[in-house]
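Worksheet for the structure shown next.
The values are calculated or read from the model by the stated rules, or taken from the named source; none is laboratory data. These numbers were taken from a predicted model, which means no experiment stands behind them. Note that each Cβ is placed from the backbone with ideal geometry, even for glycine, and that neighbours are counted across all protein chains shown. Accessible surface areas use protein heavy atoms only, side chains included; no ligands, DNA or RNA. Shrake-Rupley method; radii C 1.70, N 1.55, O 1.52, S 1.80 Å.
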Amino acid sequence: MNFGLGLEHQLSDQFTLYGGAARNASTRVPESETLASWDLVDLTAGVSLNRGRSRLALGLGYAWGTGDLVQTIVPPDATGPVRTTEARFSRWTISLGASLGGRR
C-alpha cells in the first residue's frame with residue numbers, strides 16, 4: 001500500500017508554499033525478472049507565484065530507498081544459497097509548472 005501527505009500554506013495573495021511526503025512500496029514479486037525490490041520515500045517542497053489568473057510553481061524533490069537484489073541468473077552447477085547484493089537508490093527531481101490565464 002502506498003500513502004502520502006501534502007500541505008500547502010498561503011503566505012500572501014501572491015506566494016504559496018507547499019510540501020509533501022510519500023511512501024511508495026515496491027511491487028516486486030519474488031522469482032520475477034524485476035530488479036527493483038526497494039521501497040521509496042519521497043519528499044517534496046516548493047513555492048508558487050500567483051499573478052492574476054496565472055500561476056507559476058517551482059519545486060524540488062528527493063527520493064531514496066534500499067533493498068536487496070537477488071541473483072537472477074544462477075549457474076547450473078551453483079551450490080548453496082542464492083546470493084543477494086544490497087542496492088541503494090536515490091534521485092533528485094526539479095519540477096516547474098505553469099497555469100496561464102485560467103478561470104478563477
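Any residue at all in the range 54-74 that's open to solvent by 60 Å² or more (accessible area, probe 1.4 Å), more than 16 Å from F15 (Cβ to Cβ) and of a type in the set (K, R)?
Within the range 54-74, none of the residues are open to solvent by 60 Å² or more (accessible area, probe 1.4 Å), more than 16 Å from F15 (Cβ to Cβ) and of a type in the set (K, R).
Would you please list the contacts, defined by Cβ atoms under 9 Å and residues six or more apart or on different chains, that run from a residue in the range 60-89 that is among the polar types (S, T, N, Q) to a residue that is open to solvent by 90 Å² or more (accessible area, probe 1.4 Å)?
Qualifying pairs under 9 Å: T66/E86; T66/R88; Q71/R83; T72/E33; T72/L35.
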